[in-house]
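The values are calculated or read from the model by the stated rules, or taken from the named source; none is laboratory data. From a predicted model like this one, the values you see are computed outputs, not experimental measurements. Glycine gets a Cβ as well: all are built from the backbone with ideal geometry, and neighbour counts include every protein chain shown. Ligands, DNA and RNA are stripped out before the accessible areas are found, and what is left, the full protein with its side chains, is counted by its heavy atoms. Shrake-Rupley method; radii C 1.70, N 1.55, O 1.52, S 1.80 Å.
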Amino acid sequence: MPARLFLSSGDLIADRRYEFARDLQLKDDLVAAAEVLEQAIELAPGFVSAWFTLGEIRQQLGQQDAAIAAFRRARDADAADPHGASLKLMHLGAEELSAMPPAYVRTLFDQYAPRFDRALIDDLGYRGPSLLFKAVLAARHAVRKPAFFKRAIDLGCGTGLAASAFAREVDHFTGIDLSPGMIGQARQTRLYAELEVGDMLEGLRTKPDACADLVLAADAMVYVADLVPVLTEIRRVLAAGGLAAFTLERNSGEGVILGSGLRYAHGVPYVRASLAAAGLELSQIEEQSFRNENNNPVPGLVVVAAKS
């Protein structure tokens, strides 16, 4: 994963105490680390990185109320919430499930971009694009249509791994990603005719009706809590007979949860209901893991749906 986000307090002494606290945290001296962070916060009360790290340490120490208080101070210190303090609060059950802060997603992947492919494939055994490709082939075979698409949109395109898997079957690829760093990496592949920096929902809304034959989202919908608005826009931009293919992390329940990795996991009943609400016809939904975490397969879903 990328390096820890650090936003300076503007106070050199406070920043140095933060670094000292991080060293103590890495050495598992959590009580001392928390004390040093509190000293840093006394010097710089709006020190968002210190508040966020203090929240993590309080959580590690089992001090849930103190962790919640620290995460709230971190979020309040920077409304954009690039650290994702609001996600920590959701995961701790202190706040209702809601959308992910765009600044958090953008910052995460801007930091991750230079080593994204190596980390995802080598470290996490990522196989989402190949699973999507096989699922799309199967869906087209089932209706006796060729798996060739004139125009495709790659949502949360990242560095271009999904486009690479589908390159021979797509004439014109448009990639959309919230992270400028990821778009920079994708541009180097020369797989895309167009690349756009932006939120996937807003990016879709700029597209005309029936402008695509395929919409992909490989490991991107895990950052979307409410699938219906995105699926509704996907249906609008798809031509008749077009396909939407995406991966999700799966939970065993009926709704949506935020997992420990701070990604959303969707239940199968929720996915089916969301597709129906968006007016898409489910072609197939398979329980398959497309990545590992801590050397264990993460429960996942590979979904293909069609616009009739």
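Any residue at all in region 222-236 that's assigned to a strand (DSSP E or B), at pLDDT 95 or above, closer than 19 Å to Ser274 by Cα and of a type outside the set (Gly, Ala, Ser)? No, every residue in region 222-236 fails to be assigned to a strand (DSSP E or B), at pLDDT 95 or above, closer than 19 Å to Ser274 by Cα and of a type outside the set (Gly, Ala, Ser). Pairing residues of region 267-293 that are polar (S, T, N, Q) with residues that are in a strand (DSSP E or B) and open to solvent by 50 Å² or more (accessible area, probe 1.4 Å), at Cβ distances under 8 Å and at least 6 apart in sequence or on separate chains, gives Ser289/Pro297. Checking each residue in region 268-288 for being under 23 Å from Asp213 (Cβ atoms), open to solvent by less than 60 Å² (accessible area, probe 1.4 Å) and not small (Gly, Ala, Ser) picks out Val271, Leu275, Leu280, Leu282, Gln284, Ile285. Evaluate the following for Asp171: is it in a strand (DSSP E or B), surrounded by fewer than 23 Cβ atoms within 10 Å (Cβ to Cβ) and over 16 Å from the mean Cα position of the chain (by Cα)? Yes; evaluated as a whole, the condition is true for this residue. Among the residues of region 118-152, those that are in contact with a helix residue (DSSP H, G or I) (Cβ under 7 Å, 6 or more places away or on another chain) and without any contact (Cβ under 8 Å) to a residue 60 or more places away in the chain comprise Ser130, Phe133, Pro146, Ala147, Phe148.
Quick one: which helices (runs of 4 or more DSSP H) lie wholly within region 30-102 and hold at least 1 residues that are surrounded by fewer than 16 Cβ atoms within 10 Å (Cβ to Cβ)?
It comes to 30-43, 48-60, 64-77.
In this structure, Gly128 does not satisfy being on the phi > 0 side of the Ramachandran plot and of a type outside the set (Ser, Thr, Tyr). Is region 121-140 home to any residue that is hydroxyl-bearing (Ser, Thr, Tyr), touching a strand residue (DSSP E or B) at 6+ places or on another chain (Cβ under 9 Å), at pLDDT 95 or above and outside any helix (DSSP H, G or I)? Among the residues of region 121-140, not one is hydroxyl-bearing (Ser, Thr, Tyr), touching a strand residue (DSSP E or B) at 6+ places or on another chain (Cβ under 9 Å), at pLDDT 95 or above and outside any helix (DSSP H, G or I), which makes the answer no.
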